[in-house]
Amino acid sequence: MIRWICRVRPQDDVSSDCLLCKLGIKDIEDVLRASRMRWLGHVERSTGWIARVRERKILAQNAPGRPKLTWDELVKRDRVLLGMERTDPEDRQAWRGRLRPRLGSQAAPSAED
């Protein structure tokens, strides 16, 4: 779709990153990572059912092959990638302050801030 919008044919030697930059669109990995990290901050600060469900262990028979990537493992990987492994999600100002510059988001603060 992006190539169609930019009128670039698959035969042309133009990278997807170049086209995303040209249109001002963020890479989907960055968008998903930002959403996961914002949700992690919300979940870590929660005292309700979200926190209880997250700690619950489910006993199930493992399927053959490589185990599926869990949300916790993915979030740990994101925190290391963004250099936020030592940032405490309980401190909302520090969490959001460290998250925004790493993701390059220039969004205005929400009413929750």
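Where a number appears in this text, it was derived from the coordinates with a stated rule and is not lab data. This one's a predicted model, so the numbers in the text were calculated from it and none came from an experiment. Positions of Cβ are generated from backbone atoms using ideal geometry, with glycine treated the same way; all protein chains shown enter the neighbour counts.
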Scan of the range 90-100 for residues that are assigned to a helix (DSSP H, G or I), surrounded by 10 or more Cβ atoms within 10 Å (Cβ to Cβ) and free of Cβ contacts under 8 Å to residues at least 40 places away in the same chain, ordered by number: A94, G97, R98, R100
Residues of the range 17-64 that turn out to be outside any loop (DSSP other than H, G, I, E, B) and farther than 21 Å from R96 by Cβ, as a count: 12
V14 vs. criteria among the β-branched types (V, I, T), in contact with a helix residue (DSSP H, G or I) (Cβ under 7 Å, 6 or more places away or on another chain), more than 28 Å from P101 (Cβ to Cβ) and not in a helix (DSSP H, G or I): no
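One line per residue, one yes/no per condition, for (1) hydrophobic (A, V, I, L, M, F, W, C); (2) touching a residue at least 40 places away in the same chain (Cβ under 8 Å):
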site: C6; (1), (2): yes, no
site: C21; (1), (2): yes, no
site: K26; (1), (2): no, yes
site: E29; (1), (2): no, no
site: L59; (1), (2): yes, no
site: N62; (1), (2): no, no
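Would a scan of the range 74-89 turn up a residue that is within 18 Å of A34 (Cβ to Cβ), in contact with a Pro (Cβ under 9 Å, 6 or more places away or on another chain) and surrounded by 15 or more Cβ atoms within 10 Å (Cβ to Cβ)? Can you show your working first?
We begin by selecting, within the range 74-89, every residue within 18 Å of A34 (Cβ to Cβ); these are 74-85, 87, 89.
Subsequent filtering for residues that are in contact with a Pro (Cβ under 9 Å, 6 or more places away or on another chain) retains none.
Within the range 74-89, none of the residues are within 18 Å of A34 (Cβ to Cβ), in contact with a Pro (Cβ under 9 Å, 6 or more places away or on another chain) and surrounded by 15 or more Cβ atoms within 10 Å (Cβ to Cβ).
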